Each structure stands twice: as C-alpha cells, then as structure tokens.
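Okay, so here's the structure we're looking at.
The values are calculated or read from the model by the stated rules, or taken from the named source; none is laboratory data. As the structure is a prediction and not an experimental result, all values here were calculated from the model. So basically every Cβ, Gly included, is an ideal-geometry build from the backbone, and we count neighbours across all protein chains shown.
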Amino acid sequence: MGWAALLALWSLPACASISTQSVAETFVLIEDLERQQQGQDSAAIRHWDRRMHELALDSSRGGLEAVPALCAIALDRGRGPKTRLLAVIAASSTRDPTALPALTRILWDPSQPDDLRAAAASGVSGLGLSLRSRRAALCGALERGLSSSALKETLYQASSLGCDQPDRLEVLIRELDRPRNEPERLALRNALLALARSAPLESSRALLRLVERFPPGSFARLAAIDACHEGSKRLSLIPADSTRVLCEALEAESSHPEHAISALKLLPKVKASCHALARRFLAHPDSLVVTEAAESLALLGAREAKTDLERLLAHIHEDARFAPSPERDPSQLFLRLSSALKKLQ
C-alpha cells in the first residue's frame, strides 16, 4: 500500500475504516504501515504510530469476537514487532478472560521480545479474571526469568495484587537490594509491595527478614519498612516477631529521620510494644521525628509518656527544635503534639 492510500486511510474516521474490515484486514494495514515507516524521519514515525495505535484499539471493539484473531497475531513471530505489540495491547483492552492463555504464553516465554512481555504483563492484570488467576500469570512469570522492562512491568502489576507463592519474590528482592538508579529503586519498592500484599502469613515473616537484612540508613531498609505499612494487618498477627524486628529497626534508624518516621508510624499499626524506645525519640533533634514519636505513643496508649509530653509542650517556645523555619511550620507540629497529649489524658 502506498503513502497516498495510507493518507486517504488517515483522513477517514477510525471507526469507519474498522467497520468495513475484519480484525485480520485491519492488521494487514497496520503491518503495511510498519513497513512503510522504514527510512522515515522521527516525526513521520510518531505520526503513523498514533494511527496504528488507533486502528488496533478500534479492532478490539468487537470484544470477545475479536480476541482469537488478535491473540493469533500477537503470537505470530512472522509479524512485525510493532504489529505484534499492538495486537497484545488491543487484546488486553478488551479485558476479556479468553485473552489470558495467549498473554500468559508471551509473558512466560523468555525468547519473546522484552517490550512484548511487558505489554502482556500489563494486559494480564487488567483482564476480567479472579485475583488468583491474575496472580498466577504474573507471579508465574517471575519463576521463569524476566529482564529489563518486562521485569519492571510485572513487578509493578504484582505490587497491587501480591502472589500466592511469594518465595520467588523474597529471592528477587535480595537480588535487587543494591539499586543503582531510579528504575531499579522503583522495581525494588514494587517487589516489596507485592510481597506485603501476598496471601500467606509466611510473606509477612519474609518481609520482617528483609527489614533485618538491609543495612540501617539504606534505601532498601526504608522501602522494606514502608512496605510493612501495607502488610500491617498480617504483621499484627505475629506480634512478638513484629515487635522485635521493628523496634530493633527503629533503634538502628535514630540517625536517619525519614527511616525513623516511617518506623514510628508503623508501631501502632502492628501494636508493637516498645514504648520506652519510642519515648526516647521525644528527645530526638528533629522536630518532626519528635512529633511522630508523640503520635505513635498516643496511638499505643502509652500513658507513661504523658508527663514527657506535658513537659515538652510547656517549654516548646524555648525549644530550638521547634523554631520557625522555611521548611517546617512549628505551629502545626504544636497542634499535633497537643492532640497526642489529649489522647493520653
């Protein structure tokens, strides 16, 4: 098909062109467009990429009837890479459960292109299927090896679903524990969130093991503590282990305010009984850490901290930690401290 014919196609409303052609015929046009892009400048390529995407999505409006043809194109290694990718996107957009076998086959196959596997991971999570079915497809891919964008997308999708068998997640997190850049840090965070949202209670124990494993002050330690917030309900079912690990972590993070704040916020959620340690943070040099410690103690019902808070509030205007600054409004911290004291009265 020449550029003149393609330009004519562009001038038609997308739905009109699709209404007169089957999915197969539409993808003949898409593949022709892909071939025509060779040697074109970047502006022309972007222009036709948008058109190809529109055509692909329009082909998916047939819903269930369109899925078999779309999946066949996605699995056809003889097709162009953009054509296959658009077929995956179109099949996924139907949200039809019958797309699962083809998307899973692509996702689990290490020989498939990385971007195709990433698109399949994104598609699987949006299908109209049970949580267990989507977990099985995404977490099964982790067992079969993923790299680059496919790994990052699979972890991103799994971060909101969790896994039924989280063993591989713990191993993977240990491999990601020294992230070198932002994409790797995001992958580690998503893996930890996936673990926190996994079903078995063993996933909570694994999360605690990782908190212990990561060095104090490290990004990985903070990401693990943050993930514990998502899994706090299950962590509260193992109070002895949670209290020991999280209180030890809090003590080790005294020189890292962001880490300490996250740990302090977590203590009431898991009912960790380390009141004496939390009281020590009322003397911390960072006013926000002090405030978080007060609120944590109030939520824990640590009445022994009442006198400490009364003394702190009585002298707060003389306390250099609560001096006005461009970064922090001491009046807001004062209100939070006062509210914490009222909870203990």
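Per-structure values
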{"quantity": "The stretch 69-100: number of residues that are outside any helix (DSSP H, G or I) and either of a type in the set (Val, Ile, Thr) or not assigned by TED's automatic domain parsing to the domain that holds Val23 (or both)", "calculated": "1"}
{"quantity": "Residue in the stretch 279-291 that is touching a residue at least 40 places away in the same chain (Cβ under 8 Å), more than 24 Å from Val245 (Cα to Cα) and surrounded by 16 or more Cβ atoms within 10 Å (Cβ to Cβ) present", "calculated": "yes"}
{"quantity": "Failed criterion for Leu107 (all others in (1) over 23 Å from the mean Cα position of the chain (by Cα); (2) in a helix (DSSP H, G or I); (3) free of Cβ contacts under 8 Å to residues at least 60 places away in the same chain hold)", "calculated": "(1)"}
{"quantity": "Condition met for Ala56 (at pLDDT below 85 and part of a helix (DSSP H, G or I))", "calculated": "no"}
{"quantity": "Long-range neighbours under 6 Å by Cβ, at least six apart or interchain, first residue closer than 15 Å to Val171 by Cβ within the stretch 140-157, second surrounded by fewer than 17 Cβ atoms within 10 Å (Cβ to Cβ) and not charged (D, E, K, R)", "calculated": "Gly145/Pro110"}
{"quantity": "Some residue of the stretch 61-68 being charged (D, E, K, R), part of a helix (DSSP H, G or I) and either surrounded by 22 or more Cβ atoms within 10 Å (Cβ to Cβ) or at positive phi (or both)", "calculated": "no"}
{"quantity": "Search result, residues across the stretch 91-104 that are under 16 Å from Leu64 (Cβ atoms) and either of a type in the set (Ser, Thr, Tyr) or in contact (Cβ under 8 Å) with a residue 60 or more places away in the chain (or both)", "calculated": "Ser92, Ser93, Thr94, Thr98"}
{"quantity": "Any hit, the stretch 188-201, residues being more than 23 Å from Arg95 (Cα to Cα) and loosely packed, with under 15 Cβ neighbours inside 10 Å", "calculated": "yes"}
{"quantity": "Sole residue being under 17 Å from Gly217 (Cα atoms) and surrounded by fewer than 22 Cβ atoms within 10 Å (Cβ to Cβ), chosen from Glu258, Glu295, Glu310, Glu253", "calculated": "Glu258"}
{"quantity": "Out of Ser325, Ser255, Ser338, Ser296, sole residue that is at pLDDT 95 or above and not in a helix (DSSP H, G or I)", "calculated": "Ser255"}
{"quantity": "Only one of Ser125, Ser148 that is of a type in the set (Ser, Thr, Tyr) and on the phi > 0 side of the Ramachandran plot", "calculated": "Ser148"}
{"quantity": "Pick from the stretch 265-278, criterion more than 10 Å from Ile225 (Cβ to Cβ) and of a type in the set (A, V, I, L, M, F, W, C), ranking: surrounded by the fewest Cβ atoms within 10 Å (Cβ to Cβ)", "calculated": "Ala276"}
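A quick yes/no check of all residues on (1) over 30 Å from Asp96 (Cα atoms); (2) assigned to a loop (DSSP other than H, G, I, E, B); (3) outside the structural domain of Lys269 (by TED's automatic domain parsing):
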position	(1), (2), (3)
Arg135	no, no, yes
Arg168	no, no, yes
Val171	yes, no, yes
Arg178	yes, yes, yes
Leu192	no, no, yes
Glu212	yes, no, no
Gly217	yes, yes, no
Arg234	yes, no, no
